Amino acid sequence: MGDKDVGFVGLGIMGRPMARNLVKAGYSVTVYDIVGTAVEELVTDGAKAASSASEAASDVPLIITMVPDSADSEAAIMGPGGVLEGTARGATVIDMSSIAPGSSQKIAAACEAAGVDFLDAPVSGGEPKAIDGTLAIMVGGKQAVFDKYQNVLGVVGGSIVRCGDYGAGNTTKLANQIIVAANIEALAEALVLVKKAGLDPQVVFDAIRGGLAGSTVMEAKAPMMIAGDFKPGFRIRLHQKDLQNALLTGKEIGVPLPVTSLIQQMIGSLINDGKGDLDHSGIANFIEDMANSTVSGK
């Protein structure tokens, strides 16, 4: 069991390039996903295959999980055939999934009971930054464990910040997702407005991107809206999950989130229309439908 041995569970849109970057950086990566073709793809890139999360976690000092939601993380780590069945005392689990902070704390307690260190370390940046290895990583957990694995996180991330104890990473991610959702929705309103007013959205984008309204969200999502290309880098249904976790957390601690709630209703409508697997820039579709005008249309 060497320092560069890593188990990786979850090879979706984000997990696949993250695991690939670890392989490229010289780590010996054992991968598992419920989708066999995803595992085969990583094996082609130089990873080793496991038949379960438990097997991926055996004989490695570090296990990274990257799955869709709280229930998935709990099952992958704590459930039958999960990470804690295969890992040894003294190992570390880093859950990079975006889940409810309370779920991260529950997983942390189970890891501690098994003599295993834990970090919750959700990410932001979508598929492009996962591919580039420049994700923003928000971490919760003990400082000593964070220090030990900061270099590994640096393989997949550009900005890596410890935000506090267990659950702090995912609380920070909820804040991130509120801001991203509100940016996308405001951008959608603005571009639909200028389009229906007879302006070229590309010209407007070029005019405002260097001013105060300019943002990373605008740079990533305005071209998609202008092209009408909503191929997923981060799916609408996953943003719905994040906003739901934000609303539940707000309810628990007494923080009203009125704009978050409104955008969540928009997203719910899009999912009902069968658009849950579009990129979250597809929030524009809700505004386009109300205005009977598309940003990309003639």
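Quick notes on this one:
- Of Lys173/Lys251; Lys24/Lys129; Lys24/Lys142; Lys48/Lys106; Lys129/Lys275, those spanning more than 20 Å from alpha-carbon to alpha-carbon: Lys24/Lys142; Lys48/Lys106; Lys129/Lys275
- Per-peptide average of other Cβ atoms within 10 Å, ordering 118-127, 258-267 highest first: 118-127, 258-267
- Helical content of the chain, expressed as a calculated mean residue ellipticity at 222 nm, amounts to -16500 deg cm²/dmol (DSSP H runs of 4 or more residues, -39,500 (n - 2.57) each, divided by residue number, nearest 500).
- Here is the list for the stretch 83-153: trypsin sites (Lys or Arg not before Pro) lying in DSSP coil, each with at most 10 other C-beta atoms within 10 angstrom of its C-beta, are Arg89.
- Listed peptides 180-188, 8-16, 269-277 by packing density, highest first (mean Cβ within 10 Å): 8-16, 180-188, 269-277
- Burial ordering of Cys163, Cys111, fewest other beta-carbon atoms within 10 Å first: Cys163, Cys111
- Euclidean distance of C-alpha centroids, the stretch 1-78 and the stretch 199-232, integer Å: 35 Å
- Entry for Rg and Dmax of the Cα atoms in Å (calculated from the structure that is shown) out of [x] 20.9, 81; [y] 19.9, 64; [z] 17.8, 56: [y]
- As a rough footprinting exposure proxy, the listed residues Asp147, Asp95 were ranked by other beta carbons within 10 Å of their own, and the order from fewest upward is Asp147, Asp95.
- Folded to 0 to 90 degrees: helix 168-196 orientation relative to the chain principal axis, Cα: 20 degrees
- Total charge dipole magnitude, the chain, about the Cα centre, Cβ charges on Lys, Arg, Asp, Glu only, Debye to nearest 20: 460 debye
The numbers here are math on the coordinates, done by the rules we state, and not lab data. Everything quoted here is computed from the prediction, not taken from an experiment. So basically every Cβ, Gly included, is an ideal-geometry build from the backbone, and we count neighbours across all protein chains shown.
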